[in-house]
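Down below is the structure, laid out as structure tokens.
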Amino acid sequence: MSELQVGSITLEGLKYRRDIDGLRCIAVASVILFHAKFPFTSGGFVGVDIFFVISGYLITSILQNDITKERFSLWRFYDRRIRRILPAYALVAIATTVAAWLILPPNEMANYGRRLASTALFYSNYYFLSETSYFAPSSEENPLLHTWSLSVEEQFYIAWPLIMFVLAMPLFTRHRKALIITAFTLSFALASYAAIILSPAAFYASPLRAWELLLGCMLALGFVPHFKAKTNEWIAGVGLILILVPIHFYVSKVTIFPGLTALPPCLGTAMIIAAGRRAPTKVSALLSLRPIVFIGLLSYSLYLWHWPVFVFSRIYLARALTPAETSTAILAIGLISYVSWRFIEGPFRKSSSDLPAQYRSVAVAVSFLGILFLSGIVTNLNHGWPQRASSATLTAEQERALPARGPRGCIVKGPDAVFPKSHGCLLGYGTEEDASVVLVGDSHAGSYSEAINAVGNSLHFGALLWAKSSCHPNAEPLADPSWYSNRREQACRVFMKNIVHMLADKPEIKTVILAGFWSSSVDKDEDPVENLVPSDREAFNQLSTDMNRIVEALTSMGKSVILLGQTSVNPNGGGDCVIRQRFLGRDDRTICRSTRAYNQALIGPSDDVLSEIARKHPNVYFYSGMHAFCDAEYCNADFDGHIVNRDEHHLSALASRHLAKEIEVVFREAGF
């Protein structure tokens, strides 16, 4: 993403290779098409890995050339990097901040300020690691998300020249190859392990991405021998296949990534570069075609501009883009990127051999990044400048900040959490020791917590909240707990089985409430809600089996069971949508609602399963929450001026409390 060539030579005097710009074209096109949700590019996120290998190769080639010719200078190196990277980045940062000011309400603007500060420090990869997974739906609303890879590269640019200089010293020269190969091996091994047990860290953390950059470095340092022309043709051909197959076949949130699965595109990139070192191959000729090279030349600007355009378009429209809108956005990205490349990147590209000029370049860069950092910090400290917003917007933000999730920490998280929190999770009336009810489920059990709290106080019973994030009530552990793809589900099932065992030893608990995001039993729990529809009734057979099993286990203990159905969802953002539309002065009620037919398709099958179980078993009761906020045609994102869901499907505290009267009727039917 960072080294640009002009004419037949690079800026540093090394031989220019058009096919490397062709590789950049593949990399940036795959990333953009992946983010545009284009067909056949479900693995386009590997484009960043291609960029990493290219950067490692080119930067190391430049450094090695300077060290060999005894003209290595840190000031000169940083001057070149600054001139290459900062001008276009500065323009994008300013434009993105202006768009954020105009579109984002105060709380989101404050969050944007924190993110902006992290990008100014080239630390955003670690900041985003603290927020959420790269592939989580919430990440699609972060206009600076793509800067994580720039941060990884900038950290590499800061450290690698110093390492190269040290390794060029006589004391280390003879050990250089062994040291670099060892670093590569350790990084790759740790990344492969972390991808299984801690995938967000494997994705964002620079040490776990270092092996990709080091792969290019080793190639530049001559660790890979030259081959005959015919062999190079085969190497380049296989390399291209290793790149294209992952772009087409990998699937985010399904493919374990990065780590071992990042090896094919990285190795493929290195193979194409290696095969073309002495003479062009047929693959090199293909990648050197003028249109492909042209897109490669624009790759840095394309990468910088594409993500903010997509994000702000979706936020402004409060929905996913149509194919026509996506195509228009891509054309706009191309035009903006060309202007950025032609009039921003180009004029600033040429570095100076004058040392004072290099000092000034570094000083200007540090000053600008400092201003950017302070702007972000001030924006955060000023809470996103709430004076920009109406009182209705601020009220909705306050409601969104009050989730319905029960006492803090009672919805346990993580694959190793297999027991509920033991104390401090009381809802309703009395003390924990006197509690006669337990609310069990995932975060949607937490969504009902305010309602259960109100019903408990009304009917004088206490309820314990035993919940685990992204965990439906499934009481039967899986047969193979060691296989990675089942690890989270296995922990969930053990959690629920432990709860069943705990309840067997608690005769004072007379009633168990089961609640969950039942529609996610069909697809991955982290998928955007719109991906879950339409639902096939047959797909809920497993849900029926699991729920019958746990209900039978509970009723055999003499406990009554109340099944709480899923409440309506708003796929365009729920409370977030309401807040944004109020901030923009639009009709949030019309824009943010979803159709009743949509919710019926999504929730109806699970309601059928739960109601059938209630009919089959004595002392089992069912409450359907789907209709509470719906009229004949629509399910609204607000009620009486208050938000229903904080996000797409988690209730606000006020909405949860609003359900108390209806749920109290069910409790009275159960004998309370």
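Whether any residue in segment 639-654 is among the aliphatic types (A, V, I, L, M), out of contact with any Gly (no Cβ under 9 Å at 6 or more places or on another chain) and free of Cβ contacts under 8 Å to residues at least 24 places away in the same chain is what I want to check.
no
Take segment 469-489 and flag every residue that is modelled with pLDDT of 65 or more and open to solvent by 20 Å² or more (accessible area, probe 1.4 Å).
S469, S470, H472, R487, R488, E489
Quick one: which of S337, S327 is modelled with pLDDT of 95 or more, farther than 21 Å from L144 by Cβ and in a helix (DSSP H, G or I)?
S327
Only one of these is open to solvent by 40 Å² or more (accessible area, probe 1.4 Å) and either in contact (Cβ under 8 Å) with a residue 12 or more places away in the chain or assigned to a helix (DSSP H, G or I) (or both): A194, A178. Name it.
When all the criteria are applied, what remains is A178.
Please specify each residue of segment 634-669 satisfying the condition of being of a type in the set (D, E) and open to solvent by 20 Å² or more (accessible area, probe 1.4 Å).
Answer for segment 634-669, where residues must be of a type in the set (D, E) and open to solvent by 20 Å² or more (accessible area, probe 1.4 Å): D640, D647, E648, E662, E664, E669.
Only residues in segment 404-417 that are without any contact (Cβ under 8 Å) to a residue 40 or more places away in the chain count as the first member; pair them with residues that are open to solvent by 60 Å² or more (accessible area, probe 1.4 Å) and not aliphatic (A, V, I, L, M), Cβ under 8 angstrom, at least 6 apart or cross-chain, and list the lot.
The qualifying pairs are G409/K421.
Is it the case, given these coordinates, that L145 is in a helix (DSSP H, G or I) and either in contact (Cβ under 8 Å) with a residue 60 or more places away in the chain or aliphatic (A, V, I, L, M) (or both)? If you could, list the steps in order and put the result at the bottom.
Details: in a helix (DSSP H, G or I): no; either in contact (Cβ under 8 Å) with a residue 60 or more places away in the chain or aliphatic (A, V, I, L, M) (or both): yes.
So L145 fails the test.
Which one is nearest to V437 (Cα to Cα), of the residues in segment 655-664 that are in contact (Cβ under 8 Å) with a residue 12 or more places away in the chain and among the charged types (D, E, K, R)?
Residue satisfying both the conditions and the ranking: E664.
Can you say whether L86 is of a type outside the set (V, I, T) and either within 19 Å of G296 (Cα to Cα) or without any contact (Cβ under 8 Å) to a residue 12 or more places away in the chain (or both), as far as the supplied structure shows?
Answer is yes for this residue.
Of a type outside the set (A, V, I, L, M, F, W, C) and surrounded by 24 or more Cβ atoms within 10 Å (Cβ to Cβ): which single residue out of G558, G574, G585 fits that description?
Step by step, each of G558, G574, G585 is checked, and only G574 is of a type outside the set (A, V, I, L, M, F, W, C) and surrounded by 24 or more Cβ atoms within 10 Å (Cβ to Cβ).
Quick one: in segment 524-548, which of the residues that are open to solvent by 60 Å² or more (accessible area, probe 1.4 Å) and outside any helix (DSSP H, G or I) is modelled with the lowest pLDDT? Give the steps one after another, and end with the answer.
The initial filter retains those residues of segment 524-548 that are open to solvent by 60 Å² or more (accessible area, probe 1.4 Å), namely 524, 526, 530-531, 534, 536-538, 541-542, 545.
Still in the list and also outside any helix (DSSP H, G or I): 524, 526, 534, 536.
Numbers: K524: 38, E526: 41, P534: 52, D536: 57.
The selected residue is K524.
Checking S133 against (1) part of a helix (DSSP H, G or I); (2) touching a residue at least 60 places away in the same chain (Cβ under 8 Å); (3) of a type in the set (S, T, N, Q), which test does it fail?
Failing condition for S133: (1).
Just a yes or no: is a residue in segment 621-633 assigned to a helix (DSSP H, G or I) and either open to solvent by less than 10 Å² (accessible area, probe 1.4 Å) or within 29 Å of T511 (Cα to Cα) (or both)?
No, there is no match, as no residue in segment 621-633 is assigned to a helix (DSSP H, G or I) and either open to solvent by less than 10 Å² (accessible area, probe 1.4 Å) or within 29 Å of T511 (Cα to Cα) (or both).
Starting from residues that are open to solvent by 30 Å² or more (accessible area, probe 1.4 Å), touching a helix residue (DSSP H, G or I) at 6+ places or on another chain (Cβ under 6 Å) and of a type in the set (A, V, I, L, M), keep the ones in segment 241-266 and report whichever is farthest from D49 (Cα to Cα).
Of segment 241-266, the ones open to solvent by 30 Å² or more (accessible area, probe 1.4 Å) are 241-242, 244-245, 248-251, 253-256, 260-261, 263-264.
Add one more test, that the residue is touching a helix residue (DSSP H, G or I) at 6+ places or on another chain (Cβ under 6 Å), and what stays is 242, 255-256, 260, 264.
Subsequent filtering for residues that are of a type in the set (A, V, I, L, M) retains 242, 256, 260.
On the way: L242: 12, I256: 15, L260: 12 Å.
Here the residue is I256.
So which residues in segment 52-84 are open to solvent by less than 20 Å² (accessible area, probe 1.4 Å), of a type outside the set (D, E) and at pLDDT below 90?
The answer is F77, R80, R81, R84.
Consider Y303 against the criteria (1) surrounded by fewer than 22 Cβ atoms within 10 Å (Cβ to Cβ); (2) of a type outside the set (A, V, I, L, M, F, W, C); (3) in contact (Cβ under 8 Å) with a residue 60 or more places away in the chain: it satisfies all of them except one. Which criterion is unmet?
The single condition Y303 does not satisfy is (1).
Check off (1) assigned to a helix (DSSP H, G or I); (2) surrounded by fewer than 20 Cβ atoms within 10 Å (Cβ to Cβ) for S151 and give me the number that stays unchecked.
(2)
Can you name the residue in segment 243-285 that is of a type in the set (V, I, T) and not in a helix (DSSP H, G or I) and is also nearest to T231 (Cα to Cα) among such residues?
By that ranking, first place goes to T281.
Consider only pairs whose beta carbons are under 7 Å apart and that are at least six residues apart or on different chains; among these, list those whose first residue lies in segment 488-513 and is farther than 15 Å from V412 by Cβ and whose second residue is small (G, A, S) and outside any loop (DSSP other than H, G, I, E, B).
Every condition considered, the pairs that remain are V500/A553; K510/S560; T511/S560.
Given P291, P280, P356, which one is open to solvent by 70 Å² or more (accessible area, probe 1.4 Å) and without any contact (Cβ under 8 Å) to a residue 12 or more places away in the chain?
On the way: P280 fails: without any contact (Cβ under 8 Å) to a residue 12 or more places away in the chain; P356 fails: open to solvent by 70 Å² or more (accessible area, probe 1.4 Å).
The conditions single out P291.
Filter segment 588-615 down to the residues that are open to solvent by less than 10 Å² (accessible area, probe 1.4 Å) and among the aliphatic types (A, V, I, L, M), then identify the one that is modelled with the lowest pLDDT.
Checking each candidate, the answer is L602.
For segment 419-455, which positions are among the β-branched types (V, I, T) and open to solvent by 40 Å² or more (accessible area, probe 1.4 Å)? Reasoning before the result, please.
Going residue by residue through segment 419-455, those that are among the β-branched types (V, I, T) are 431, 437-438, 440, 452, 455.
Of everything in segment 419-455, just one residue is among the β-branched types (V, I, T) and open to solvent by 40 Å² or more (accessible area, probe 1.4 Å), namely T431.
Right, V362: open to solvent by 30 Å² or more (accessible area, probe 1.4 Å) and either farther than 30 Å from H460 by Cα or free of Cβ contacts under 8 Å to residues at least 24 places away in the same chain (or both) or not?
no
Read through the list (1) open to solvent by 40 Å² or more (accessible area, probe 1.4 Å); (2) under 30 Å from Q398 (Cα atoms); (3) of a type in the set (V, I, T), then give the number of the only condition that T119 fails.
All conditions are met except number (1).
The values are calculated or read from the model by the stated rules, or taken from the named source; none is laboratory data. Everything numeric in this text was worked out from a predicted model, so none of it was measured. Don't worry about glycine lacking a Cβ; one is built from the backbone with ideal geometry, like all the others, and counts go over all protein chains shown. To get the accessible areas, we keep the full protein, side chains included, count just its heavy atoms, and leave off ligands, DNA and RNA. Shrake-Rupley method; radii C 1.70, N 1.55, O 1.52, S 1.80 Å.
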